[in-house]
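The values are calculated or read from the model by the stated rules, or taken from the named source; none is laboratory data. These figures come from a predicted structure and were not determined experimentally. Quick reminder, even Gly has a Cβ in these numbers, built from the backbone with ideal geometry, and neighbours come from all protein chains shown.
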Amino acid sequence: MRRMLKGLGRYSPRRWIHFNLACVDRARDLIDDERCTHFLEELEVHTADGGRNTLRSFHREEEAVRDAIRHLWRRRDDPLRGARIVAARAVLTANSPSFASSENVAIAFQRRSYIEGLQERRRHCVLLRDIFVNPFRPCVFSSEWRTSTTIALARKMYDSRDFSAMPILADAFQEAECEDDVILTHCRDPKQVHVRGCWIVDLLLGKE
């Protein structure tokens, strides 16, 4: 496990941000302050085109989120105050290439239920497998697999955030003479959750 986590250090900040946003999105019901949602929207726009791999400064937006957290501390009558505060902290760290947002989201769920916190960490592992290529199962991606069909499917899923066509993408890969087990399994695994930042979709679209 440590070797796997160490290997993640080679990935771009953009890929980390996609992972962080996917984790934070799972706690959206706990985030009701517009300052937090605005920061997430700005961060989403910054990473969407895939062409910017450096961390942008979000000092103004981050300070607004800190104000939101201070406001949450004063909401004494909110039974979910503790969970909301930790969820807001997850927003604050979403621009960081680290597991801070993931951990904060899991803690936010744990504030409601210990079991929920454990389950949430497992869900984040699924997201991790979707966004980061497993270093122990390398994949050599061929440019020949970038056909008009595979690219069109990838573009539609990326733009709509609806990844239900991943099994169809696997069929399109095979039509392009791709028999790579890592790619086909990732596309067809019914237990695999896919989000914006999926490593296969990004490879097709040339985002990294």
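Okay, here's what the table says:
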quantity	calculated
Leading residue by the ranking (modelled with the lowest pLDDT) among those in region 92-147 that are over 29 Å from VAL182 (Cα atoms) and charged (D, E, K, R)	ARG112
In region 69-85, the residues that are over 24 Å from the mean Cα position of the chain (by Cα) and within 12 Å of ARG112 (Cβ to Cβ)	PRO79, LEU80, ARG81
Qualifying residue in region 64-82 (condition: surrounded by 18 or more Cβ atoms within 10 Å (Cβ to Cβ), farther than 14 Å from ARG14 by Cα and among the aromatic types (Phe, Trp, Tyr))	no
Test: residue in region 187-194 that is surrounded by 14 or more Cβ atoms within 10 Å (Cβ to Cβ), outside any loop (DSSP other than H, G, I, E, B), touching a Lys or Arg at 6+ places or on another chain (Cβ under 8 Å) and not assigned by TED's automatic domain parsing to the domain that holds ARG123	no
SER96 vs. criteria of a type in the set (S, T, N, Q), touching a residue at least 12 places away in the same chain (Cβ under 8 Å) and not in a helix (DSSP H, G or I)	yes
Complete set of residues in region 129-181 that are under 20 Å from the mean Cα position of the chain (by Cα), under 22 Å from ALA48 (Cβ atoms), of a type outside the set (S, T, N, Q) and assigned to a loop (DSSP other than H, G, I, E, B)	PHE132, VAL133, ARG161, ASP162, PHE163, ALA165
